[in-house]
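Enquirer: This structure is in structure tokens; I'll ask about it shortly.
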Amino acid sequence: MTDADFRREDRRDRGGRNRGHHNNRKRRHQVGTDEDDYDGPRKHHRPYVEPTIAKLRRELLSIADSAVKLPEDEARDIARLLGDNFEEDELSTEFFNTFIQLVVEQPFKIPFAAAIIFYANDSKPEVATEALNRTAERMQQVLNAGQWKEFKLLLRFFACLQSLFEGDGVFTILQQLFDSAVDLQSANENDVVGLELVKIILLTLPYAMVSGGSRLQAQVSELLQKTDIVASMRLPIESLVQSYSGHSEEKPPPYHSVIGLLQEQLQDEEKTGWKFSCIPRFSRPVPRNLDGETLPSAPTMHPFPTITIPSPVNPGPKPLFPEAYFSLYADQEVESVPGTNNIASLLFRDAIVDTIDQLDFNRTAVGKFLIDLDCYWQTETFVKRGTAFDKLRDVADKSTWKPEDVVVDAVFSQIFKLPNPEHKLVYYHSLITETCKIAPAAIAPSLGRAIRFVFKYVDDMDLELVNRFVDWFSHHLSNFEFRWKWAEWMDDLNRSDLHPKKAFLITALDKEIRLSFAKRIRSTLPEEYHVLISEGKDKDKPDFKYDDDATPFAAEGKTLFTQIRKKAPDADIQETINTIHTKAAEQGIGDVLVPSTDALVTSICCVGSKSLSHVLSCINHSKDRLLSISQNSEAARRQIVASVVGYWKDQPGVAVNIVDKLLNFSILAPITVVQWALCDHLGAGEALTEGWVFEMVSNTVTKVTNRMRQIALARLQKGIQQEQIIMVEETLTKERESMRELFNVIKDSVKAVAEGAADTLIEKSGSGELSAEDAELIRAWGKRWYTVFVRKAQVEESVVGEEAVEARLRLLSAEAEPAAEPMHEGNGVAAEAANGDDEML
Amino acid sequence: MAPIRNTVDRLDRPSSYAASKNRRRKHNRDGDEDRRERSPELDEKLKDATTLYVGNLSFYTTEEQIHELFAKCGEIKRLVMGLDRFQKTPCGFCFVEYYTHQDALDCMKYIGGTKLDERIIRTDLDEGFAEGRQYGRGKSGGQVRDEYRREYDPGRGGYGRALDEDTEGDMYR
């Protein structure tokens, strides 16, 4: 039954009741409690009068949301209501709290929020004074805390009010910011905080120009000349954030840094007369007195609030990296998104990404804002919503920018952000799902084109990004009945399994199955794809190899299985293991622990095959035995991984999980997992094409780096005691060394493949077992792996390396000095930090 | 310091169900003293909650599937399947425990209301799993919610079981 039916039924029941009881819970509730209430109070119901304070909040928060009301009128109404009630302290406090929160949470609305103050200033300049003071207070706090996003947004609000400022207005602070950036840059060639400051300057200029008008042009040109040196420079660290390697036949889009593009775009704007036509504009009201006569008075002007940029600048809670501009649709034949030469591309991108980041706690609201994108920019900026891509060619003399493409482009730029996404990737997954739910007909085709685009360049894309993409793709399809036009990739099925496109298909299907089950996924695919799903994937319980008497130690394997299942005493299990050892020694096997470990771990996997909880409890039961094995023999240690993966070869996702848990038990060390994956299992390098191998290695690395960051964080605690410092430093040094060793094992191994120097690769290509073509494919995989792990290693060095930690410590001691600002009450900086991602590193 | 009110609702708050469950409990206990104490206690309990209740699962959804989805929000410490009290088979809910409170909040924000095994699942912050809690509380041994369900749901054992028993008679009396 649908909701609508329920409602209809409810209403009918209220009118003529006792027409037979329906057995639903609501109904039964009503009989007992609501019967008398229903008709009673409703008769005397007085019309509800919304308190002014609530009305103001509601109208403020919904400004520009409506497609039928003019935001300008809304702004005037709010300004009037606010002006009339401004003297009520509680009301104005509440209003400005909401107002500032709106500025930092809903960036699309900053120009409209500024319009309210702009209009309010005409009748009551005190309102504007109050708004400026309160915003400045918050701005100083976020600046001191290095919260750059919030700082940028508050600054944008000021920029939108540029016409109300005496003197240079917002340019005063832009100039100061630039000076700080220069100081930072000259101190460190890889400084990214200075870059961030310049980016903020460049993103503020357009808004200030639209508000301030032509009197600023000379200053802007001067500022742009200065920023050019910083913005057009290429930092060594920038190589870390490039999305494509640029080796393949299909030429992927070239790399652009956000800051470099901004600089070029603004210089272009300078030549064409500063149009910024996408930014919303507001007409200057003609002030009138009560009799309707126009008054000649100019608006009251305000001094720009005093903001102090701290020295040294607080780099903020998160490590910063240069930012690449990633676009799926840019610079194509038909312009469905603004080209990379157009400032609109970065104005949209910046506002959309900030909306996504700031409101991650309500993806439904974000989805709605994104679908309504065209409400928040100057009219005619976009083509009509939902216009099909094919129809863009027919649009004459108007914008062909598709709001859906602009949105999808922005969300993907976040999924593909290097080195790390701002939020957990699953946020972007569910956000895309949300936009699809709100406007399926508009979004789905854009998404389809996005998927095709990525697939086309998948050979050349950074390997980490490919893995993010396949993870999104499979998860996304799982939310939409696994529907995809698989037929169009049919030709790629004929490729070698070593080809990146084929590898993508194999991994994608495996991931789909992990979220669902093999039979279901098979039913969603053309038959040609069925070969990619082995029969083994249908089995809930994989075969136990010792059931086959041809398997060495079959009898002992079976005995072990029974003993483990029945939780036999340790001595009995040891006896079976001893038998294996004796036999193995007779056969001349060097490390007898290897076959016994294989039998033990395979048996544990099989007994625990029902679920992850089952296998965990089995592992827990044999924990001491497993621990002692891994302490005694390197080969046996690696055999643990081999046996888990061997047992679950058809469902490698389960193996990845079990290995992960074995790391938690410390039965396995991270280096063991990596050595098994990239030495024992490497083969000629075929392992590098397997999605789950990448997953296993990168999960292991993440586990190590997370721990590393936690230790560094412990060192950076304020007020830590001297003896603690010594202890933490010791751990830090030790763990740092093992982290570096781990990275080196990975790098050495994949580098050998990349250079064609790995033994098995040479052997197999020499013997003709591998074609020259396949060998070339494998070497390319080696290069891609290498790029990923070199980057990861560098990123970690920039966070937990000696230099990085020392730099943080210096800042910490600078902060401890009296320069610290007194905390103002009621501003919520601390409360916000407690809510969000407050990791220090 | 008064916490800042966000401009849109947050999805990482406990649902009205968690709150109402708490209210019901208060109601049964009666006495105003009790009432005054309980509510902050709930807030206090959920303040650092790392566990989520997950509902509306198919009876056939496996631990592995749940793990695959929920690990996208962080490493899972423990996963406890909800079982039918009598048959000891999954009855459509589970508890997922993370290592950190933030992961649990992120799960509310990013996973609650999305699909797993082609069903929209519900997540709610939970005060924590205690031994014995993994069983359904309905008369039939499954979840109460299921007993009163009116739609046929093949993923959750067909029609609600209570419908054919007690309430059915009620209707025609």
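Every read-out reported here was derived from the displayed coordinates using simple, explicitly stated rules and does not represent laboratory data. These numbers come from a predicted model, not from an experiment. Backbone-built Cβ (ideal geometry, glycine too); neighbour counts: all protein chains shown.
Enquirer: Hey, fewest Cβ within 10 Å first, where do B:Ile121, A:Ile671 land in order? Intermediate results must be reported in sequence, preceding the final value.
Expert: On the way: B:Ile121 23, A:Ile671 16.
Least to most surrounded, the residues fall as A:Ile671, B:Ile121.
Enquirer: Moving on to the next point. With no solvent and one equal point scatterer per Cα, compute the Debye intensity ratio I(q)/I(0) for the protein assembly as shown at 0.06, 0.07, 0.09 Å⁻¹ and report its log10, rounded to two decimals.
Expert: The calculated log intensity ratios at q = 0.06, 0.07, 0.09 Å⁻¹ are -0.53, -0.72, -1.18.
Enquirer: Using the Cβ atoms and a cut-off under 12 Å, what net charge is assigned to the surroundings of A:Glu481, where Lys and Arg are +1 and Asp and Glu are -1?
Expert: Values: positive: A:Arg483, A:Arg520, B:Lys115, B:Arg119; negative: A:Glu512, B:Asp117, B:Glu118.
Cβ neighbours under 12 Å give a net charge of +1.
Enquirer: A further question on this structure: Pick out the long, greasy-scoring helices in chain A: whole DSSP H runs spanning 27 Å or more along their own axis by Cα, mean Kyte-Doolittle at least 1.0.
Expert: On the way: long enough: A:125-145 (30 Å, -0.54); A:193-212 (28 Å, 1.59); A:691-715 (36 Å, -0.01); A:722-754 (47 Å, -0.32); A:772-800 (42 Å, -0.28).
Length and hydropathy pass: A:193-212.
Enquirer: Find how many whole Å separate the alpha carbon centroid of region A:173-190 from the alpha carbon centroid of region A:621-664.
Expert: Region A:621-664 and region A:173-190 have Cα centres separated by 52 Å.
Enquirer: Next question. Taking the Cα centre of the protein assembly as shown as origin, work out the dipole magnitude from +1 charges on Lys and Arg Cβ and -1 charges on Asp and Glu Cβ, in debye rounded to 20. Kindly include the intermediate steps, with their values, before the conclusion.
Expert: Numbers: 130 positive and 163 negative charges, 628 e Å.
For the protein assembly as shown, the charge dipole is close to 3020 debye.
Enquirer: Let me ask another. Could you work out [θ]222 nm for the protein assembly as shown from helices alone, using -39500 (n - 2.57) per DSSP H run of at least four and dividing by all its residues? Round to the nearest 500 deg cm²/dmol.
Expert: On the way: 41 runs with 565 residues, N = 1014.
Calculated at 222 nm, the ellipticity per residue is -18000 deg cm²/dmol.
Enquirer: A further question follows. Using only atoms on other chains, find how many Cβ atoms lie within 10 Å of each Cβ of peptide A:375-384 and report the average.
Expert: Details: counts 0, 0, 0, 0, 0, 0, 0, 0, 0, 0.
Across A:375-384, the average partner-chain Cβ count within 10 Å equals 0.
Enquirer: Another question, then. I'd like the distance separating the alpha-carbon centroids of region A:452-477 and region A:485-513, in whole Å.
Expert: If you average the Cα positions of each part, the centres end up 12 Å apart.
Enquirer: Please average, across the residues of A:612-620, the number of beta carbons from any other chain that are within 10 Å of each residue's own beta carbon, and give a whole number.
Expert: Numbers: counts 7, 6, 1, 0, 2, 0, 0, 0, 0.
Mean shielding by partner chains, rounded to a whole number: 2.
Enquirer: Which order do A:Cys618, B:Cys73 fall in if you start with the one that has the fewest other Cβ atoms within 10 Å? Please report the intermediate quantities before stating the final value.
Expert: Values: A:Cys618 21, B:Cys73 26.
With the fewest neighbours first, A:Cys618, B:Cys73 line up as A:Cys618, B:Cys73.
Enquirer: Same structure, new question: If you take the Cα atoms of region A:52-239, find Rg, then find the Kirkwood Rh from the mean of 1/r over all pairs, what is Rg/Rh?
Expert: 1.02
Enquirer: Continuing with the same structure: Hey, if you put +1 on the Cβ of every Lys and Arg and -1 on every Asp and Glu Cβ in the protein assembly as shown, which of A:Val800, A:Ser66, A:Gln147 ends up farthest toward the positive end of that dipole?
Expert: A:Ser66
Enquirer: Let me ask something else. Considering only DSSP beta bridges where both residues belong to the protein assembly as shown, give the percentage that are antiparallel (nearest 5).
Expert: Antiparallel: roughly 90 percent of the beta bridges in the protein assembly as shown.
Enquirer: Using the count of nearby Cβ atoms within 10 Å as a rough guide to exposure, how do A:Glu586, A:Glu105, A:Glu729, B:Glu118 rank from fewest to most? Before the final figure, lay out the partial values.
Expert: On the way: A:Glu586 9, A:Glu105 23, A:Glu729 13, B:Glu118 16.
Ordered from fewest to most neighbouring Cβ atoms within 10 Å, A:Glu586, A:Glu105, A:Glu729, B:Glu118 come out as A:Glu586, A:Glu729, B:Glu118, A:Glu105.
Enquirer: Classify region A:519-669 as rounded, prolate or oblate from the Cα gyration tensor: take a ≥ b ≥ c as the square roots of its eigenvalues, call it rounded if a/c is under 1.5, otherwise prolate when a/b beats b/c and oblate if not. Present the calculation step by step, with values, prior to reporting the outcome.
Expert: On the way: a/c = 1.97, a/b = 1.67, b/c = 1.18.
It is prolate, given that a/c is not under 1.5 and a/b is the larger ratio.
Enquirer: Let me ask something additional. Using a cut-off of 19 Å between alpha-carbon atoms, which lysines can reach B:Lys47, once sequence neighbours fewer than 8 places away in the same chain are excluded?
Expert: B:Lys21, B:Lys77, B:Lys109
Enquirer: Going through region A:360-416, which trypsin sites (Lys or Arg not before Pro) have at most 15 other Cβ atoms within 10 Å and a DSSP loop state?
Expert: Details: sites: A:Arg363, A:Lys368, A:Lys384, A:Arg385, A:Lys391, A:Arg393, A:Lys398; in loops: A:Lys384, A:Arg385, A:Lys398.
In loop regions of region A:360-416 (DSSP not H, G, I, E or B), the sparsely surrounded trypsin sites (Lys or Arg not before Pro) are A:Lys384, A:Lys398.
Enquirer: For region B:38-138, just the Cα atoms, rotate onto the principal axes and tell me the three extents in Å, largest first.
Expert: 36, 29, 21
Enquirer: Please compute, for peptide A:475-481, the average count of beta-carbon atoms on other protein chains lying within 10 Å of each residue's beta-carbon. Can you show the working numbers first?
Expert: On the way: counts 5, 0, 0, 8, 5, 2, 2.
The shielding value for this peptide is 3.
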